[in-house]
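Here the structure comes first, spelled out in structure tokens, and everything after it is commentary.
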Amino acid sequence: MAEEAILGYLATSEEIPDSGQFASQHGFQHNDVVNVIKSLHGFRYIDAQDIKRESWVLTDEGKKYAADGSPEVQLFLAVPQEGSISKDELQKKLEPSVFKIGCSQAGKNKWVDMGKQVSRKVQHVEDKVKDLLIRIQKGEALGKDDINSLKARKLIVAQTWKGYSVKKGPNYAPTRKKVATDLTRENLQRGDWKELEFKEYNFNAKGPPAEAGHLHPLLKVKQQLKNIFLQLGFEEMPTNNFVESSFWNFDALFQPQQHPARDSHDTFFLEVPSTTRELPEEYVKLVKRVHESGGYGSRGYMYDWKREEANKNLLRTHTTAVSTRMLYALAKQPFTPKRYFSIDRVFRNESVDRTHLAEFHQIEGLVCDKGLTLGDLIGVLNDFFSRLGMSKLRFKPAYNPYTEPSMEIFSYHEGLKKWVEIGNSGMFRPEMLLPMGFPEDVRVIAWGLSLERPTMILYGVDNIRDLFGHKVDLSLMKRNPICRLGID
Ligand code: PHE
């Protein structure tokens, strides 16, 4: 529409001097006219010259006064025609800013006597400020002094208006020829391709972004962690069973059957099948004994250990269940030192909030060798975490039923400027390792952490539900960087 109007106008007139005027005369939005001018100019139908004009627009404060009147007039009208009003009373009648500005302007104009009591000095006032503001709103030009005084009161600001003046161009025609963008079968059949004008290729145009698969941030960080473990000579453990028996998840780890973590509040138990089919009977006997009466220098927990409790199936609450199975298998072989790791999903019956989900991923590493000490654990942790970009570590004594000593791991977070807990670690207890059949001098150092924690820090996600679960916005995967330099 605007295109026909412009080309049509130029058929009979030399020039469109001002695109803004043209738009308002013909009832178009100026923006639409500008877009058409740019396009017609590109095809040289027209020649367009930039024009710029300084104009004035009202600020928010200016708009308020244009509607409600200037503060000085509002104040003047609030003062009674006869007699006076106390300053406090007057203040109550007006908005605080209107009162403040009104007092100073009306005083300056000598409209009112300002004391404790305020009274009128003149009978009648005119709201010149309001009138000027309305004239600016209408696009009228004002004198220099008026502009300066409104500008000084921050009631108007300058705005640069951009438009065009337009003349015929070398390819001018009263209507634009439609250029063909595609050569179709119909064009060939009809033979009209001979007359058609084809749009030129634009080899500089950007193509649409290619659709491709995207990795979830958790998968990316998981892969980086895998690489770190592999560089350090660790082997990956098979973690492909979410369902585990209580025996492997708890009992074999010397976790007593009354332990609160074994409560259904913390653990998801399976209804079908509710119990495991088989356990290694010889080993079960030894585990029962160590719980009930200890051995290997331990007193045990001194309670009646129940097989039915150990049989119950659950969704594994930690990948340490997998480590335990692996260590049990390892203990059956002639002794060889091993380094194992796993990264996979675990489940806890927790109430979901910003930092907790009922399922998450655990990263776990362990080293099994003769004569290992707590010093080795600290050394391995420093080595592991420094490759994650966390080189300042601190350790705090902690408690796990299956490790002694146990340490929580803290790292100094440069962004948050504080120490944050990043994992848990320890040396597996003899009550766990010796029933498996390991030689007495074999020690296992191990640690675990969640995959979500470092991923949230690395990707700046502060609500875990934005990272994992059914509420995740898929564009998170599309937008995040393909790779980051350094892991932190
Ligand atoms: N299993 C522990 C947890 O779930 C982590 C851990 C692994 C602690 C190995 C010590 C040793 O938090």
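The values are calculated or read from the model by the stated rules, or taken from the named source; none is laboratory data. Because the structure is a prediction, the values reported are computed rather than measured. Glycine also receives a Cβ, built like all others from the backbone with ideal geometry; neighbour counts cover every protein chain displayed. With ligands, DNA and RNA removed, areas are computed over all heavy atoms of the protein, side chains included. Shrake-Rupley method; radii C 1.70, N 1.55, O 1.52, S 1.80 Å.
Of the numbered conditions (1) more than 13 Å from the ligand (Cβ to nearest atom); (2) open to solvent by less than 30 Å² (accessible area, probe 1.4 Å), Thr336 satisfies every one except a single condition; which is it?
Every listed condition holds for Thr336 apart from (2).
What's the total number of residues in the range 380-400 that are within 16 Å of the ligand (Cβ to nearest atom), touching a residue at least 40 places away in the same chain (Cβ under 8 Å) and more than 26 Å from Gln333 (Cα to Cα)? Talk me through it step by step, then tell me what you get.
Taking the range 380-400 as the starting set, the residues that turn out to be within 16 Å of the ligand (Cβ to nearest atom) are 380-381, 384-385, 393, 395-400.
If we keep only those that are touching a residue at least 40 places away in the same chain (Cβ under 8 Å) too, we end up with 380-381, 384.
Restricting the remaining residues to those that are more than 26 Å from Gln333 (Cα to Cα) gives 381, 384.
Looking only at that region, the number is 2.
Considering only the range 460-480, state which residues are in a helix (DSSP H, G or I) and over 22 Å from Leu416 (Cα atoms).
Selection gives Ser475, Leu476, Met477, Lys478, Arg479.
Condition check ((1) under 43 Å from the mean Cα position of the chain (by Cα); (2) not in a helix (DSSP H, G or I)) across all residues:
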position: Gln25; (1), (2): no, no
position: Asn31; (1), (2): yes, no
position: Ile51; (1), (2): yes, yes
position: Ala66; (1), (2): yes, no
position: Pro80; (1), (2): no, yes
position: Gly83; (1), (2): no, yes
position: Phe99; (1), (2): no, no
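Restricting to the range 298-326, name every residue that is within 27 Å of Arg443 (Cβ to Cβ), away from the ligand (no atom under 16 Å from the Cβ), open to solvent by less than 90 Å² (accessible area, probe 1.4 Å) and not aliphatic (A, V, I, L, M).
Going residue by residue through the range 298-326, those that are within 27 Å of Arg443 (Cβ to Cβ) are 298-302, 305, 310, 316-326.
If we keep only those that are away from the ligand (no atom under 16 Å from the Cβ) too, we end up with 298-302, 305, 310.
Keeping just the survivors that are open to solvent by less than 90 Å² (accessible area, probe 1.4 Å) gives 298, 300-301, 305, 310.
Selection gives Ser298, Gly300, Tyr301, Trp305.
Mind checking which residues of the range 73-88 are surrounded by 14 or more Cβ atoms within 10 Å (Cβ to Cβ) and either in contact with a strand residue (DSSP E or B) (Cβ under 9 Å, 6 or more places away or on another chain) or farther than 30 Å from Ile136 by Cβ (or both)?
If the condition is that a residue be surrounded by 14 or more Cβ atoms within 10 Å (Cβ to Cβ) and either in contact with a strand residue (DSSP E or B) (Cβ under 9 Å, 6 or more places away or on another chain) or farther than 30 Å from Ile136 by Cβ (or both), then Leu75, Phe76, Ala78, Val79, Ser84, Ile85, Lys87 are the ones that fit.
On the given criteria, is Arg354 open to solvent by 50 Å² or more (accessible area, probe 1.4 Å) and among the basic types (Lys, Arg)? First the steps, then the outcome.
Details: open to solvent by 50 Å² or more (accessible area, probe 1.4 Å): yes; among the basic types (Lys, Arg): yes.
Answer is yes for this residue.
Name the single residue that is nearest to Lys226 (Cα to Cα) among those in the range 425-455 being among the charged types (D, E, K, R) and open to solvent by 20 Å² or more (accessible area, probe 1.4 Å). Walk me through it before giving the result.
Let us first name the residues in the range 425-455 that are among the charged types (D, E, K, R), namely 429, 431, 440-441, 443, 452-453.
In the following step, the residues that additionally are open to solvent by 20 Å² or more (accessible area, probe 1.4 Å) were identified as 429, 440-441, 443, 453.
Numbers: Arg429: 27, Glu440: 31, Asp441: 29, Arg443: 24, Arg453: 16 Å.
Selected residue: Arg453.
Which count do you get for residues in the range 180-217 that are open to solvent by 100 Å² or more (accessible area, probe 1.4 Å), in a helix (DSSP H, G or I) and either touching a helix residue (DSSP H, G or I) at 6+ places or on another chain (Cβ under 6 Å) or within 20 Å of Glu3 (Cβ to Cβ) (or both)?
Number of matching residues: 1.
Which of the residues that make up the range 121-153 are basic (Lys, Arg), part of a helix (DSSP H, G or I) and closer than 15 Å to Pro71 by Cα? Talk me through it step by step, then tell me what you get.
Start the filter on the range 121-153 by keeping residues that are basic (Lys, Arg), which leaves 121, 128, 130, 135, 138, 144, 151, 153.
Imposing the further condition that a residue be part of a helix (DSSP H, G or I) reduces the set to 128, 130, 135, 144, 151.
The answer is Lys128, Lys130.
From the set of residues in the range 127-149 that are within 13 Å of Lys63 (Cβ to Cβ) and in contact with a Phe, Trp or Tyr (Cβ under 8 Å, 6 or more places away or on another chain), which is surrounded by the fewest Cβ atoms within 10 Å (Cβ to Cβ)?
Lys130
Would you mind stating whether Gly437 is out of contact with any helix residue (DSSP H, G or I) (no Cβ under 7 Å at 6 or more places or on another chain) and assigned by the TED database to the domain that holds Arg345? Can you show your working first?
Working: out of contact with any helix residue (DSSP H, G or I) (no Cβ under 7 Å at 6 or more places or on another chain): no; assigned by the TED database to the domain that holds Arg345: yes.
Answer is no for this residue.
Could you grab me the full set of residues in the range 361-379 that are within 15 Å of the ligand (Cβ to nearest atom), closer than 25 Å to Val221 by Cα and open to solvent by 30 Å² or more (accessible area, probe 1.4 Å)?
Within the range 361-379, Ile378 is the sole residue that qualifies.
Looking at Leu458, is it open to solvent by 40 Å² or more (accessible area, probe 1.4 Å), away from the ligand (no atom under 15 Å from the Cβ) and touching a residue at least 40 places away in the same chain (Cβ under 8 Å)?
Working: open to solvent by 40 Å² or more (accessible area, probe 1.4 Å): yes; away from the ligand (no atom under 15 Å from the Cβ): yes; touching a residue at least 40 places away in the same chain (Cβ under 8 Å): yes.
Taking the combined requirement at face value, the residue satisfies it.
So, in the range 3-21, how many residues would count as being surrounded by 14 or more Cβ atoms within 10 Å (Cβ to Cβ), in contact (Cβ under 8 Å) with a residue 24 or more places away in the chain, under 52 Å from the mean Cα position of the chain (by Cα) and part of a helix (DSSP H, G or I)? Break it down stepwise before answering.
Step one: list which residues in the range 3-21 are surrounded by 14 or more Cβ atoms within 10 Å (Cβ to Cβ), which gives 3, 5-7, 9-10, 16-20.
Add one more test, that the residue is in contact (Cβ under 8 Å) with a residue 24 or more places away in the chain, and what stays is 3, 6-7, 10, 16-20.
Narrowing further to those that are under 52 Å from the mean Cα position of the chain (by Cα): 3, 6-7, 16-20.
Adding the requirement that they be part of a helix (DSSP H, G or I) leaves 3, 6-7, 19-20.
Here the count works out to 5.
Mind checking which residues of the range 412-428 are out of contact with any Leu (no Cβ under 6 Å at 6 or more places or on another chain) and more than 10 Å from the ligand (Cβ to nearest atom)?
The answer is Tyr412, His413, Glu414, Gly415, Leu416, Lys417, Lys418, Trp419, Val420, Glu421.
For Gly62, are the conditions met, namely being free of Cβ contacts under 8 Å to residues at least 12 places away in the same chain, open to solvent by less than 60 Å² (accessible area, probe 1.4 Å), more than 30 Å from Ser165 (Cα to Cα) and assigned to a helix (DSSP H, G or I)?
Working: free of Cβ contacts under 8 Å to residues at least 12 places away in the same chain: no; open to solvent by less than 60 Å² (accessible area, probe 1.4 Å): yes; more than 30 Å from Ser165 (Cα to Cα): yes; assigned to a helix (DSSP H, G or I): yes.
Considered against the rule, which asks whether it is free of Cβ contacts under 8 Å to residues at least 12 places away in the same chain, open to solvent by less than 60 Å² (accessible area, probe 1.4 Å), more than 30 Å from Ser165 (Cα to Cα) and assigned to a helix (DSSP H, G or I), Gly62 comes out as no.
Just one of the numbered conditions (1) in a loop (DSSP other than H, G, I, E, B); (2) in contact (Cβ under 8 Å) with a residue 40 or more places away in the chain is not true of Lys177; which one?
(2) is the only condition that Lys177 fails.
Just checking, which of Arg465, Arg479 is in contact (Cβ under 8 Å) with a residue 60 or more places away in the chain and of a type in the set (D, E, K, R)? If you could, list the steps in order and put the result at the bottom.
Numbers: Arg479 fails: in contact (Cβ under 8 Å) with a residue 60 or more places away in the chain.
The conditions single out Arg465.
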